[in-house]
Amino acid sequence: MGKYFGTDGYRGEANVVLTADSAFRVGKFLGWFYQKKVKPGEKCRIVIGKDTRRSSYMFEYAIAAGITAAGADAYLMHVTTTPSVSFMVRSEDFSCGVMISASHNPYYDNGIKVINENGEKLGDDVINEIEDYLDGKTGEIPLAVRDKIGRTVDFAAGRNRYIGYLISLATKSFKGLKVALDCANGSASSCAKAVFDALGADTHVIHSEPNGFNINDGCGSTHIERLMSYVKEEGCDLGFAYDGDADRCLAVDSEGRLVNGDQIMYFCGKYMKSQGQLQDNTIVTTVMSNFGLYKALDEAGIRYEKTKVGDRYVYENMSENHYSLGGEQSGHIIFLRHATTGDGILTSIKVVETMLAEKKTLAELCEGITIYPQVLKNARVKDKEEAQSNPAVLEAVKKVEKELGDDGRILLRASGTEPVVRVMVEASSDELCGKYVDEVISVMGDAGLLL
């Protein structure tokens, strides 16, 4: 991770951490960098999308101004989803794409996600160059003049093309299904209902009236309890909740019970295997996927790989090995045949198609997987590396592993941004999880490792 760009872009409180000036400079760099890659006399084209935060409008114009000042053209998709920007880069041959969003964060935060010419998250090499420019370590980028100045183009039609693409992926009608969608007052508000309506579902939408300040506010995938209540009260067959930029999705069954990303990967993976679509019989997960998922995949005879936390790392593994399915417990699910990023609406379509093909309810699809109770606590430490390598801590972890045996696991993971080591235990009960987490943190305290 860089100084400004983390695993999911340049993110922070609007006009505090991420300012309009910074956004202008990012846009200026991208316009200059990619303009050099096109043929002489041609214009570099960069597509921009945004979520519904008040500050997204400010950043959209700042980035577009930077792009055009450097001599490239900026195409504005306006309010749309992160995966739609990725799709348009790939399908319309844009030089790159920019999504303005802080995903599941509160409205006062915002972020800049840059998508390369292949529809993937930008590589570290280019990120390092952007950060050097932001820090003044490289020369100033010249401004375009006269006929070399770029232009902005209204590209709202791009969102409609993306909607059409999603609709085209479905092979079955959703007629007869009562589906609830929680759009988190975010990007999904612009397109999710249109997709489900076109596929024939009886679509019921909540939290789809963004006002600039209510994105993720008590709604969406980070507050799934609102959808859980709605699905049960309204008698829906199932429901889907998205985050602010709609690149993740969680589901709810007809009884109002949560179906998370691990469960979705499990039953979609099983179905894909039965259809010969699960490349190398492997699903890519992160180290934070639930222990119950691995037990269920073992039972189903499906292999799995584990990456660091972050859908970026999941995608890198999938791309390198040509795996077809991967994701995170949080609902970032990647179906590589159709997308290079997590896509919440696409995931919804795949869940419904699996239900229809298997002729099962969502609850029935989840019957083969038991999600283990999980307790995670943050231990604030003086030195993250020392806390994870301390002999007394390692001995305590080994003791927990021995006592859990094949019925649970313990994981220590350092935060990438804070002086924190996360201690996570999965076991047969919350009480057991808490007991073991506290034991390890207590050993850290006895060793003088805690702040």
Pairs where the first residue, in the stretch 393-416, is of a type in the set (D, E, K, R) and the second is exposed (fewer than 15 other Cβ atoms within 10 Å of the Cβ), C-beta under 8 Å, 6+ apart: Asp407/Ser428; Arg409/Glu401; Arg413/Val287
Sole miss for Lys178 among (1) charged (D, E, K, R); (2) within 29 Å of Gly111 (Cα to Cα); (3) touching a Leu at 6+ places or on another chain (Cβ under 9 Å); (4) surrounded by 16 or more Cβ atoms within 10 Å (Cβ to Cβ) is condition (2)
Could you identify the single residue in Glu401, Glu426, Glu439 that is acidic (Asp, Glu), in contact with a strand residue (DSSP E or B) (Cβ under 8 Å, 6 or more places away or on another chain) and buried (at least 17 other Cβ atoms within 10 Å of the Cβ)? Glu426
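Being in contact with a helix residue (DSSP H, G or I) (Cβ under 6 Å, 6 or more places away or on another chain), closer than 26 Å to Gln374 by Cα and either in a loop (DSSP other than H, G, I, E, B) or not aliphatic (A, V, I, L, M) (or both) is the filter here; which residues of the stretch 314-329 pass it?
Matches in the stretch 314-329: Gly326, Gly327, Glu328, Gln329.
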Of the residues Ile115, Ile149, only one is modelled with pLDDT of 95 or more, out of contact with any Cys (no Cβ under 8 Å at 6 or more places or on another chain) and assigned by TED's automatic domain parsing to the domain that holds Tyr57; which? Ile149
Show the residue pairs meeting these rules: Cβ distance below 6 Å; 6+ apart or different chains; first residue within the stretch 296-316 and in contact (Cβ under 8 Å) with a residue 24 or more places away in the chain and in the same structural domain as Asp280 (by TED's automatic domain parsing); second residue buried (at least 18 other Cβ atoms within 10 Å of the Cβ) and part of a helix (DSSP H, G or I). Ala296/Tyr266; Ala300/Lys270; Ile302/Gly269
Of all residues in the stretch 357-377, count the ones that are more than 22 Å from the chain's Cα centre (by Cα), more than 16 Å from Gln263 (Cα to Cα) and surrounded by fewer than 16 Cβ atoms within 10 Å (Cβ to Cβ). 2
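Name the residue, out of Asp124, Asp73, that is of a type in the set (D, E, K, R), modelled with pLDDT under 95 and in contact with a Gly (Cβ under 8 Å, 6 or more places away or on another chain).
Numbers: Asp73 fails: modelled with pLDDT under 95.
Exactly one residue qualifies, and that residue is Asp124.
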Test Val98 against the stated conditions and say whether it is under 21 Å from Ala192 (Cα atoms), without any contact (Cβ under 8 Å) to a residue 60 or more places away in the chain and either outside any loop (DSSP other than H, G, I, E, B) or outside the structural domain of Phe213 (by TED's automatic domain parsing) (or both). no
Among the residues of the stretch 130-148, write down those that are surrounded by 12 or more Cβ atoms within 10 Å (Cβ to Cβ), more than 15 Å from Phe24 (Cβ to Cβ) and β-branched (Val, Ile, Thr). Thr138
Some residue of the stretch 25-45 being assigned to a strand (DSSP E or B) and assigned by TED's automatic domain parsing to the domain that holds Ile63: yes
Only one of these is in contact with a Ser or Thr (Cβ under 7 Å, 6 or more places away or on another chain), among the hydrophobic types (A, V, I, L, M, F, W, C) and part of a helix (DSSP H, G or I): Ala74, Ala64. Name it. Ala64
Of the residues in the stretch 27-56, those that are out of contact with any helix residue (DSSP H, G or I) (no Cβ under 6 Å at 6 or more places or on another chain), touching a residue at least 60 places away in the same chain (Cβ under 8 Å) and more than 11 Å from Ala72 (Cβ to Cβ) come to Thr52, Arg53, Arg54
Which one of the conditions (1) surrounded by 22 or more Cβ atoms within 10 Å (Cβ to Cβ); (2) within 21 Å of the chain's Cα centre (by Cα) does Ala70 fail to meet, given that it meets all the rest? (2)
Within the stretch 282-313, of all residues that are assigned to a helix (DSSP H, G or I) and among the aliphatic types (A, V, I, L, M), the one surrounded by the fewest Cβ atoms within 10 Å (Cβ to Cβ) is Ala300
Would you mention how many residues in the stretch 239-281 are in a strand (DSSP E or B) and surrounded by fewer than 24 Cβ atoms within 10 Å (Cβ to Cβ)? 2
Looking only at the stretch 427-436, decide whether some residue is aliphatic (A, V, I, L, M), touching a helix residue (DSSP H, G or I) at 6+ places or on another chain (Cβ under 7 Å) and under 15 Å from Phe291 (Cα atoms). yes
Which of the residues belonging to the stretch 103-131 are part of a loop (DSSP other than H, G, I, E, B), among the acidic types (Asp, Glu) and within 17 Å of the chain's Cα centre (by Cα)? Glu120
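The values are calculated or read from the model by the stated rules, or taken from the named source; none is laboratory data. Predicted model, so just to flag it, every value in this text is computed and none were measured. Every residue, glycine as well, gets a Cβ built from its backbone with ideal geometry; the counts of neighbours run over all protein chains shown.
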